[in-house]
1. Can you tell me which of 66-74, 137-145 comes out highest on packing, and rank the rest after it, using the mean Cβ neighbours within 10 Å?
2. In terms of modelled amide H atoms, which long-range or inter-chain residues lie less than 5 Å from the amide H of Ser140?
3. Cβ neighbours within 10 Å, averaged per peptide: list 38-45, 112-119 in order, most packed at the top.
4. Where does helix 2-15 land angle-wise versus the long Cα axis of the chain, in degrees 0 to 90, nearest 10?
5. For the full complex of protein chains and a 1.4 angstrom probe, list Ile178, Ile4 by accessible area with the highest value first.
6. Rank these by accessible area, largest first, 1.4 Å probe: Tyr173, Tyr164.
7. Enumerate the calculated ³J(HN,Hα) couplings along region 113-126 in order (Karplus 6.51 cos²θ - 1.76 cosθ + 1.60, θ = phi - 60°), each rounded to whole Hz, writing x wherever the residue is Gly or Pro.
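The values are calculated or read from the model by the stated rules, or taken from the named source; none is laboratory data. All values derive from a computational prediction rather than experimental measurement. Cβ placement follows ideal geometry from the backbone for every residue including glycine, while neighbour counts extend to all protein chains displayed. All accessible areas refer to the heavy atoms of the entire protein, side chains included, with ligands and DNA or RNA removed. Shrake-Rupley method; radii C 1.70, N 1.55, O 1.52, S 1.80 Å.
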Amino acid sequence: MKRIILPIMSLFILGCGNDPLPKPKGYLRLEYPEAEYKKASSSLPFTFDKNTLLASTSKEKSSGNVKGLDVKYPSLKATIYLSYKKVNNDNLDSLLRDAQNLTQKHTMKADEITYKPFENPKDKVFGMLYEVGGDAASQSQFYVTDSTKHFLSGSLYFYTKPNYDSIYPASEYLKKDIKRLMESIRWKDK
């Protein structure tokens with residue numbers, strides 16, 4: 001009997017120790033370079049600053065009265081699509097409504113949509129930045145106008161299935177570029 005009890009007792013004594021602890025959660029650490037901005041050149045009737053470290057500007061596009069320009073971020077697999085339209089006497093309301101409706105189309109997948117008005121009266125640039133939270137196709141949308149001649153809208157899209165948790169760091173980085181783009185818009189015909 002001693003032969004059986006002694007090994008069992010030694011297992012109980014040796015088996016009692018510190019409780020195992022689960023490993024702490026690991027988080028992906030993404031570090032993006034500090035942005036450096038430079039005026040982007042184009043034949044469009046405005047100038048803006050773009051991030052020279054990550055962004056490239058693609059060929060301008062034109063379709064009817066809409067002119068476009070893509071600011072690509074290959075390393076982040078993202079693009080900011082810019083669309084420019086001339087404002088005439090009766091189309092400003094419809095341009096504003098179209099820009100707002102484009103953002104509202106994301107409400108089915110978005111957790112929230114917040115907006116931030118933008119005003120630069122000195123350079124006659126007024127607009128709105130929409131930040132879309134959740135698994136929506138576009139994380140940021142914006143428009144700027146001088147209310148008389150120019151209207152520019154923009155959308156941020158990633159080349160991947162929208163997964164908010166995965167694209168959040170890149171989205172936050174690019175929001176800073178979008179804000180800088182809006183702040184640096186200058187109409188060429190001032």
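1. Values: 66-74: 17.8, 137-145: 23.8.
Highest mean packing first, the order is 137-145, 66-74.
2. For Ser140, the qualifying residues are Val132, Leu156.
3. Working: 38-45: 13.8, 112-119: 11.9.
Put in order of decreasing packing, that is 38-45, 112-119.
4. 30 degrees
5. On the way: Ile178 0, Ile4 105 Å².
Sorted descending by solvent-accessible area, the residues read Ile4, Ile178.
6. Details: Tyr173 25, Tyr164 65 Å².
Result of the area sort, largest leading: Tyr164, Tyr173.
7. Per residue, the Karplus-derived 3J(HN,Hα) values read 10, 10, 10, 10, x, 10, 9, 9, x, 4, 9, 6, 10, 10 Hz.
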